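The values are calculated or read from the model by the stated rules, or taken from the named source; none is laboratory data. Everything quoted here is computed from the prediction, not taken from an experiment. Here the Cβ positions follow ideal geometry from the backbone for every residue, glycine too, while neighbour counts run over all protein chains shown. Surface accessibility is based on the protein's heavy atoms, side chains included, excluding ligands, DNA and RNA. Shrake-Rupley method; radii C 1.70, N 1.55, O 1.52, S 1.80 Å.
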Amino acid sequence: MIKRKLAWVLALCTLLTTLCLPVSAAGADLEGEILPVLAVMGVMNGDEAGNLDLNRSVTRAEFVKMAIAASAHKNRGKAPSAISPYPDVRAGAWHSGYITAARDLGLITGYLDGTFRPDNTVTLEEALSILLKIMGYGGTDFAAGWPTAYMTLYHSLGMDEGMTALQGDRLTRRDCAILVYNALNARAKTGTVYAQQLGYALDSTGKINYASLVRSLTEGPVLLESTVEAAVGFTPVTVNRDRTAASAAQLQYGDVLYYNKDIRAVWAYSTKVSGIVQAISPSTMAPSAVTVSGMTVGLGSSSVIYAFSDLGTVQTGDAVTLLLGAGEQAVFVLTGEAASETVYGVVTSVGTSAQSGGLGTVITQQSVTIAASDGRSYSYPYSKDDLKAGTAVKVTLDRDGVSIRKARDGESLSGKIRGGKLDGCIIDGDTKAIDVLGGRMVKVDAARLEGVSIKSRDVLFAKTDGEGHIEHLILDNVTGDNRDYGVATVAFESPDIMYVPSSYVIMVGTAVKTHSANATYGLEVGPCGIEYKADGAISRLVDLKEQPITHLGAFEAELKDGKEVPLAAGIQVWLEEDGSYYLSSLQQVSLDTHKLTAHYDRLGEDGGRVRVIIAEEK
């Protein structure tokens, strides 16, 4: 009893401590967050095939161009300079205009011998010097001297989040992308977030808003109905589709396009929401959002706002397909035959839902909620009782409404995924694939599934096009990414669950989760995973494997047995001290100062990830 009371006291101490510590562990998502923002701003774009060559080193001249593009002076330097700004920067060279602009703005001064050395690889402190000055810092901010003052600001402003480069290190394109993005979201000399100072909107987390950025720096939206050249008026050099680098050949009919002629770039969105219009909010006099199949979507274009208004033709009860653009707002609406759509998914719950009945009335009816292969959750009216959670369904929308049937056109697939193939069938960017667990789901792609062994019972539904390409793939808790992970600070496993339930307290970041169950999970105090039911309640706790870490990289950990396991997105790092746990981050621990232990669900070759790292000071 004394030990149990002590455990609860330690759990409370951990909670109070963690409330004061940062949640971030691995920094912003490179491909899903950082690179899309920089592409829109013209800071970093790929070649004609969409390759970003992130491991290539960056020259001083190239970084100057990146910094100028991410500043209030983004239009300066585009034209080559007619005069040589430095003896080793030739007049008329592609970078001469940017280097001249940077010199005139006081961002660079060159070396003591009067040269700039544009082809030298830029180092961390050199890049910081340019960015901090462009953010307004100078004078007394650098009183501590070079490079100490710059490195101090780098850490205090949080510009080191997700960075692995150290003082004196030469930077790659990956390093520069993360560093510039961090600068945009850091506090400028004025005290405001630098991106906000530039006039860009911030999202709810206080970071630069990607959707707003797209709308402010591009033209569009336009609908791709034939060729991309016909839609935007030029042949694009850079293409992003659904916030991922792509090629023009990957764009499809019905994609929503935004574009920038100056840099010959296109941003495409393929997301659709199909179903019956259940509500128009706040009213048809001034509509700003619609609810379709249980999903409420904002209206993002004047034509769509008009269509759902009193003057338009779309009403509650109509079958529609919404085409979503930047910010996942509806920018086009299809009706009639054009709205026809087929959705595959699995039932996550059967219950009741409310729908507008007109004249201010509300109708309550039985409905079914599905996790669809496009990664979205839809709710449809359904009065039969033949569906239950886990059932694969096919939802067909046409001018007559919505039809929901058990999916009987699926195929049996199994085997180890290698080279983007499962059972000889291709998984690629056009495959709609999800992994589900209870009421949760995550979108997965070929890269995430590479090396994973899939058993037939792991596949809730699969469908190919008959020519060896997987169109839809719905998996049953294959990746483990639907779990929450954290540290159990209390793990009381009952010796007799008939009379006394087991009880647990788990810290997931700064959140505290409690669980009481007439079951035992073989858990002790320490890292674990949490699985949930469809209603959000905890269904069970999962123990994790563990091994000491011998090498910790930016994206993977090498374990004592020599195996490498990738770090999970949102990995948690906890400092263990005298039996208590304190939330930390990858930036605050190292093998030089700490003993690090990886807690993982499976090895990397089987699709596993390091979910939690426990650090103990040496």
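I'd like to know if the stretch 581-600 contains one or more residues that are in a strand (DSSP E or B), touching a residue at least 60 places away in the same chain (Cβ under 8 Å) and of a type in the set (Phe, Trp, Tyr). Step through it out loud before you land on a result.
Narrowing the stretch 581-600 to residues in a strand (DSSP E or B): 581-584, 594-600.
Imposing the further condition that a residue be touching a residue at least 60 places away in the same chain (Cβ under 8 Å) reduces the set to 581-584, 599.
Then drop every residue that is not of a type in the set (Phe, Trp, Tyr), which leaves 581-582.
Checked the stretch 581-600: at least one residue is in a strand (DSSP E or B), touching a residue at least 60 places away in the same chain (Cβ under 8 Å) and of a type in the set (Phe, Trp, Tyr).
Mind counting the residues in the stretch 431-459 that are open to solvent by 70 Å² or more (accessible area, probe 1.4 Å) and part of a loop (DSSP other than H, G, I, E, B)?
Residues flagged as open to solvent by 70 Å² or more (accessible area, probe 1.4 Å) and part of a loop (DSSP other than H, G, I, E, B) within the stretch 431-459 amount to 3.
Can you give me the number of residues within the stretch 520-537 that are over 30 Å from Asp592 (Cα atoms), open to solvent by 30 Å² or more (accessible area, probe 1.4 Å) and touching a Ser or Thr at 6+ places or on another chain (Cβ under 9 Å)?
5
Which condition breaks for Asp113 when tested against (1) within 13 Å of Phe63 (Cα to Cα); (2) at pLDDT below 95?
That leaves (1) as the condition not met.
Being of a type outside the set (A, V, I, L, M, F, W, C), within 30 Å of Gly351 (Cα to Cα) and out of contact with any helix residue (DSSP H, G or I) (no Cβ under 7 Å at 6 or more places or on another chain) narrows it down to one of Asp458, Asp496, Asp430, so name that one.
So the residue among Asp458, Asp496, Asp430 that is of a type outside the set (A, V, I, L, M, F, W, C), within 30 Å of Gly351 (Cα to Cα) and out of contact with any helix residue (DSSP H, G or I) (no Cβ under 7 Å at 6 or more places or on another chain) is Asp458.
Within the set of pairs 6+ apart or on separate chains, which have a first residue in the stretch 401-419 that is farther than 29 Å from Asp385 by Cα, a second that is of a type in the set (Lys, Arg) and surrounded by fewer than 10 Cβ atoms within 10 Å (Cβ to Cβ), and C-beta atoms under 9 Å apart?
The qualifying pairs are Ser414/Arg457.
So the check is Cβ under 9 Å with 6+ separation or different chains; which pairs have a first residue in the stretch 254-266 that's within 30 Å of Glu341 (Cβ to Cβ) and touching a residue at least 12 places away in the same chain (Cβ under 8 Å) and a second one that's open to solvent by 60 Å² or more (accessible area, probe 1.4 Å) and of a type outside the set (D, E, K, R)?
Close Cβ pairs (under 9 Å, with a partner that is open to solvent by 60 Å² or more (accessible area, probe 1.4 Å) and of a type outside the set (D, E, K, R)) amount to Tyr259/Gly233.
Taking into account only those residues within the stretch 482-498 that are in contact with a Gly (Cβ under 9 Å, 6 or more places away or on another chain) and of a type in the set (Gly, Ala, Ser), which is most open to solvent (accessible area, probe 1.4 Å)?
It comes out as Ala491.
Take residues that are of a type outside the set (Lys, Arg) and in contact with a strand residue (DSSP E or B) (Cβ under 7 Å, 6 or more places away or on another chain) and tell me which of the strands (runs of 3 or more DSSP E) falling wholly in the stretch 229-268 contain 2 or more. Write out each step before concluding.
Values: elements: 238-241, 244-246, 256-260.
Filter on the stretch 229-268 gives 238-241, 256-260.
Of (1) open to solvent by 70 Å² or more (accessible area, probe 1.4 Å); (2) under 23 Å from Asp29 (Cα atoms); (3) hydroxyl-bearing (Ser, Thr, Tyr), Thr514 satisfies all except one. Which?
The single condition Thr514 does not satisfy is (2).
Considering (1) open to solvent by less than 50 Å² (accessible area, probe 1.4 Å); (2) in a loop (DSSP other than H, G, I, E, B); (3) not charged (D, E, K, R), say which one Leu213 fails and leave the rest.
Only one criterion in (1) open to solvent by less than 50 Å² (accessible area, probe 1.4 Å); (2) in a loop (DSSP other than H, G, I, E, B); (3) not charged (D, E, K, R) is unmet by Leu213, namely (2).
Can you find even one residue in the stretch 579-587 that is open to solvent by 40 Å² or more (accessible area, probe 1.4 Å), closer than 18 Å to Gly486 by Cβ and at pLDDT 90 or above?
yes
From the list Gly220, Gly136, Gly168, pick out the single residue that is over 27 Å from Arg103 (Cβ atoms) and either in a helix (DSSP H, G or I) or open to solvent by 20 Å² or more (accessible area, probe 1.4 Å) (or both). Explain how you work it out, then say what you get.
Values: Gly136 fails: over 27 Å from Arg103 (Cβ atoms); Gly168 fails: over 27 Å from Arg103 (Cβ atoms).
So the residue among Gly220, Gly136, Gly168 that is over 27 Å from Arg103 (Cβ atoms) and either in a helix (DSSP H, G or I) or open to solvent by 20 Å² or more (accessible area, probe 1.4 Å) (or both) is Gly220.
Starting from residues that are more than 21 Å from Gln366 (Cα to Cα) and assigned to a strand (DSSP E or B), keep the ones in the stretch 399-416 and report whichever is farthest from the chain's Cα centre (by Cα).
Going through the stretch 399-416, the residues more than 21 Å from Gln366 (Cα to Cα) turn out to be 399, 408-416.
Next cut, assigned to a strand (DSSP E or B) only: 415-416.
Values: Gly415: 28, Lys416: 26 Å.
If we take residues in the stretch 399-416 being more than 21 Å from Gln366 (Cα to Cα) and assigned to a strand (DSSP E or B), then Gly415 is farthest from the chain's Cα centre (by Cα).
I need a count of the residues in the stretch 464-503 that are at positive phi and not small (Gly, Ala, Ser).
1
Tell me yes or no: at least one residue of the stretch 463-480 is over 20 Å from Trp574 (Cβ atoms), open to solvent by less than 20 Å² (accessible area, probe 1.4 Å), over 30 Å from the mean Cα position of the chain (by Cα) and of a type in the set (Gly, Ala, Ser).
no
Quick check on Leu323: is it open to solvent by less than 20 Å² (accessible area, probe 1.4 Å), under 16 Å from Val222 (Cβ atoms), part of a strand (DSSP E or B) and of a type outside the set (Gly, Ala, Ser)? Steps first, please.
On the way: open to solvent by less than 20 Å² (accessible area, probe 1.4 Å): yes; under 16 Å from Val222 (Cβ atoms): yes; part of a strand (DSSP E or B): yes; of a type outside the set (Gly, Ala, Ser): yes.
Against the criterion (open to solvent by less than 20 Å² (accessible area, probe 1.4 Å), under 16 Å from Val222 (Cβ atoms), part of a strand (DSSP E or B) and of a type outside the set (Gly, Ala, Ser)), Leu323 qualifies.
Answer yes or no: is there a residue in the stretch 527-536 that is in contact with a Gly (Cβ under 9 Å, 6 or more places away or on another chain), in a strand (DSSP E or B) and on the phi > 0 side of the Ramachandran plot. Steps first, answer last, please.
The initial filter retains those residues of the stretch 527-536 that are in contact with a Gly (Cβ under 9 Å, 6 or more places away or on another chain), namely 527-536.
Add one more test, that the residue is in a strand (DSSP E or B), and what stays is 527-532.
Still in the running and on the phi > 0 side of the Ramachandran plot: none.
Checking the stretch 527-536: not a single residue is in contact with a Gly (Cβ under 9 Å, 6 or more places away or on another chain), in a strand (DSSP E or B) and on the phi > 0 side of the Ramachandran plot.
Thr291 fails exactly one of the following numbered conditions: (1) closer than 19 Å to Gly220 by Cα; (2) part of a strand (DSSP E or B). What is the number of that condition?
Unmet condition: (1).
Pull up the stretch 543-556, narrow it to residues that are at pLDDT below 95 and of a type in the set (A, V, I, L, M), then point me to the one that is farthest from Leu603 (Cα to Cα).
Ala554
Quick one: Ser293 ticks every box in (1) among the polar types (S, T, N, Q); (2) open to solvent by 10 Å² or more (accessible area, probe 1.4 Å); (3) touching a Phe, Trp or Tyr at 6+ places or on another chain (Cβ under 7 Å) bar one, so which box is it?
(2)
Residues of the stretch 174-207 being open to solvent by 20 Å² or more (accessible area, probe 1.4 Å), farther than 20 Å from Gln587 by Cα and not in a loop (DSSP other than H, G, I, E, B), which ones?
Val193, Gln196, Gln197, Leu202
Hey, does the stretch 30-43 have a residue that's open to solvent by less than 70 Å² (accessible area, probe 1.4 Å), at pLDDT below 90, touching a helix residue (DSSP H, G or I) at 6+ places or on another chain (Cβ under 9 Å) and in a loop (DSSP other than H, G, I, E, B)?
Yes, the stretch 30-43 contains a residue that is open to solvent by less than 70 Å² (accessible area, probe 1.4 Å), at pLDDT below 90, touching a helix residue (DSSP H, G or I) at 6+ places or on another chain (Cβ under 9 Å) and in a loop (DSSP other than H, G, I, E, B).
Considering only residues that are of a type in the set (D, E, K, R), open to solvent by 10 Å² or more (accessible area, probe 1.4 Å) and on the phi < 0 side of the Ramachandran plot, look in the stretch 233-282 and name the one that is modelled with the lowest pLDDT.
The selected residue is Asp262.
Within the stretch 144-161, take every residue that is part of a helix (DSSP H, G or I) and not small (Gly, Ala, Ser) and give me the one that is nearest to Gln587 (Cα to Cα).
Of all residues in the stretch 144-161, those part of a helix (DSSP H, G or I) come to 148-156.
Okay, now just the ones that are also not small (Gly, Ala, Ser), so 148, 150-155.
On the way: Thr148: 18, Tyr150: 18, Met151: 14, Thr152: 14, Leu153: 15, Tyr154: 13, His155: 10 Å.
Here the residue is His155.
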